[in-house]
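**Q** Got a structure here, written out as structure tokens. Questions coming.
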Amino acid sequence: MFRPTAYLSFNLAEPDATSANASAIKRGFSYIAPTRVTAARHAVLNQACQRDGARQDANQNETHAVKRTSGVDMRVCLGDHPYWLSSEDADAMWNETLMPWLATKVETLFGTVYEFNDSSRPSFVSKITYGTLTLRLRPYRVDVTLEHDSTIQDIRPPLEAARAYLNSGTVDPTRVVSFTVPSREQVIDARAHDAEPIDKTAVNDEPGVRWQRVLEANTHKVEDGWLDVRFTDGHVERVAFGKSGR
């Protein structure tokens, strides 16, 4: 059976971009895939910090309380085998080869991230917070926003949603450039702010208490989400999937 090949690139933002961190990452992650480490030319903006007051004023070119985090880039090679656009061969490649392999590879990657940050790193190597995982699945890029502790949701539902969208007949796949996947925390936040109070007493709660109640009520129900689809002309379309897309 034909198997994919992965290549990892760790893009380190300041102050993570040190030679000690680079050497430790290459040693610690090379068993997963060939690994390189670079200093991010433009630091990745952790989208979660936008909820904490980070915002950019386009008119004044002024950035407030911006938190920059490092990112992980995984390039997946499948030769010329098709898998995005549906056909008998592409469906088999997607369902039987790519998805099981990729889910296992990403789980291994972030299991190693957790172990590396938790205990296995040398004392002179800093703990690194990662903000994004970029999957390069030719010809598209999928940017997955990580949770605040550098963990990741199950990548299969959003990838299945992206493929379903490309095969829906409502869009020209050649115009699509990339997909952006929100973190589970962002989905919970969005649902909480759109939700009604869960009981009458919540109406009289302080706003923070009210939303905490809604968050607690919704945390175990996050089975859906959305994709931001970027096109060649710069246009971005939001596509819901799961329960919210029905």
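**Q** Would you call Val142 of a type in the set (A, V, I, L, M, F, W, C) and modelled with pLDDT under 95?
**A** Considered against the rule, which asks whether it is of a type in the set (A, V, I, L, M, F, W, C) and modelled with pLDDT under 95, Val142 comes out as no.
**Q** Whether any residue in region 157-172 is closer than 27 Å to Glu96 by Cβ, among the charged types (D, E, K, R) and either buried (at least 19 other Cβ atoms within 10 Å of the Cβ) or out of contact with any Leu (no Cβ under 8 Å at 6 or more places or on another chain) (or both) is what I want to check.
**A** So far as region 157-172 goes, yes, one or more of its residues are closer than 27 Å to Glu96 by Cβ, among the charged types (D, E, K, R) and either buried (at least 19 other Cβ atoms within 10 Å of the Cβ) or out of contact with any Leu (no Cβ under 8 Å at 6 or more places or on another chain) (or both).
**Q** Next question. Just to check your reading of the model, which residue among Ala6, Ala90, Ala103, Ala20 is surrounded by 14 or more Cβ atoms within 10 Å (Cβ to Cβ), modelled with pLDDT of 70 or more and out of contact with any helix residue (DSSP H, G or I) (no Cβ under 8 Å at 6 or more places or on another chain)?
**A** Ala90
**Q** Would a scan of region 30-39 turn up a residue that is modelled with pLDDT of 85 or more, of a type in the set (D, E, K, R) and touching a strand residue (DSSP E or B) at 6+ places or on another chain (Cβ under 8 Å)?
**A** Within region 30-39 (the criterion being modelled with pLDDT of 85 or more, of a type in the set (D, E, K, R) and touching a strand residue (DSSP E or B) at 6+ places or on another chain (Cβ under 8 Å)), the answer is yes, since at least one residue qualifies.
**Q** Can you list residue pairs whose Cβ atoms sit under 9 Å apart, with the first residue in region 126-152 being under 23 Å from His81 (Cβ atoms) and the second being polar (S, T, N, Q) and assigned to a loop (DSSP other than H, G, I, E, B)? Count only pairs 6 or more apart in sequence or on different chains.
**A** Cβ pairs passing all conditions: Val144/Gln153; Val144/Ser183.
**Q** Quick one: what pairs do we get from region 76-88, first residue within 18 Å of Arg141 (Cβ to Cβ), second of a type in the set (Val, Ile, Thr) and outside any loop (DSSP other than H, G, I, E, B), C-beta under 7 Å, 6+ apart or different chains?
**A** These pairs meet every condition: Cys77/Thr5.
**Q** Additional query: Going by the conditions given, is Thr134 closer than 25 Å to Tyr7 by Cβ, modelled with pLDDT of 90 or more and in contact with a Gly (Cβ under 8 Å, 6 or more places away or on another chain)?
**A** Yes: the conditions hold for Thr134.
**Q** Residue check, Leu78 against (1) at pLDDT below 90; (2) surrounded by fewer than 12 Cβ atoms within 10 Å (Cβ to Cβ); (3) over 16 Å from Ile25 (Cα atoms), all met but one. Which one?
**A** Among (1) at pLDDT below 90; (2) surrounded by fewer than 12 Cβ atoms within 10 Å (Cβ to Cβ); (3) over 16 Å from Ile25 (Cα atoms), Leu78 violates only (2).
The values are calculated or read from the model by the stated rules, or taken from the named source; none is laboratory data. Bear in mind that the values here come from a model prediction, so they are computed numbers and not experimental data. No Cβ is skipped: glycine too gets one built from the backbone with ideal geometry, and neighbour counts run over all protein chains shown.
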